[in-house]
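Inspection log for the structure reproduced underneath, given as structure tokens.
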């Protein structure tokens with residue numbers, strides 16, 4: 001269901017993780033994507049690619065998740081310790097399923113702070129379905145990764161380039177995604193408002209009270225006059 005853009009891939013990847021920007025930027029974009037998916041696919045949850053849980057646990061964790069619909073995903077945990085990002089491309093050369101039993105690529109979690117081991121071991125995600133892992137500890141700002149030796153012969157051996165590409169140009173990517181997956185031409189003004197955490201100008205779009213409640217839980221209001 002998810003798609004790889006025809007645009008030449010940006011250099012953003014696990015090998016160039018600081019191109020992601022700060023965890024605050026990722027959380028803002030993730031909330032926006034989840035809100036926009038709620039608008040264009042209000043009742044067909046299985047067609048949504050992005051979701052965001054503003055209350056994941058009693059520890060104040062928030063989570064963002066992307067599901068391609070074809071077996072690929074990433075999730076991000078935001079908490080007091082920082083941010084933890086784990087992704088999985090089922091076709092990547094670095095897939096844990098390259099051998100049996102499935103085994104994470106060597107070095108993938110090397111150096112992961114102890115405070116984030118709970119995210120790596122979270123049963124809802126788990127290290128078995130992982131081809132890349134990044135973390136941003138508030139005690140050492142910046143994106144970090146393990147001591148990974150990437151295999152030769154693939155431009156994107158862990159799938160991080162295409163899975164993280166939406167964070168490079170989120171407005172363009174979401175507009176393309178809405179048309180490709182949902183067959184909806186979404187207003188650029190609406191996308192820009194969501195990405196800047198502003199009240200949402202729905203224009204001629206109509207939404208249910210249930211969707212309004214979901215948007216409010218994500219931190220969004222509807223623009224006046226809508």
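Readers should treat all values here as calculations from the given coordinates under stated rules, not as data from a laboratory. Predicted model, so just to flag it, every value in this text is computed and none were measured. Please note: Cβ atoms are built from the backbone with ideal geometry, for glycine as well, and neighbour counts cover all protein chains shown.
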Expressed as an acute angle from 0 to 90° and rounded to the nearest 10, what is the orientation of the C-alpha long axis of helix 23-40 relative to the principal long axis of the chain? 50 degrees
Per the helix-only model, the chain has a calculated mean residue ellipticity at 222 nm (DSSP H runs of ≥4, -39500 (n - 2.57) each, divided over all residues, rounded to the nearest 500) of -7000 deg cm²/dmol
With both partners inside the chain, how many of the DSSP beta bridges are antiparallel, as a percent to the nearest 5? 95 percent
Return a whole-number percent for the relative contact order of the chain, with Cα pairs under 8 Å and 6 or more residues apart as the contact set. 23 percent
What ranking, highest mean first, results for peptides 68-77, 207-216 when packing means the other Cβ atoms within 10 Å averaged over each residue? 68-77, 207-216
Taking a virtual spin label 7 Å from the Cα of residue 216 along the C-beta vector, which residues in segment 38-81 bring their backbone nitrogen under 17 Å of it? 39, 54-55
Taking the chain as the reference, fit the longest principal axis to its C-alpha atoms, fit the long axis of helix 170-181 to the helix C-alpha atoms, and give the angle between the two in degrees, 0 to 90, nearest 10. 80 degrees
Arranged from highest to lowest average of other beta-carbon atoms within 10 Å per residue, in what order do the peptides 165-174, 133-142 appear? 165-174, 133-142
Given the peptides 30-37, 84-91, 13-20, 53-60, arrange them by the average over their residues of other C-beta atoms within 10 Å, most packed first. 30-37, 84-91, 13-20, 53-60
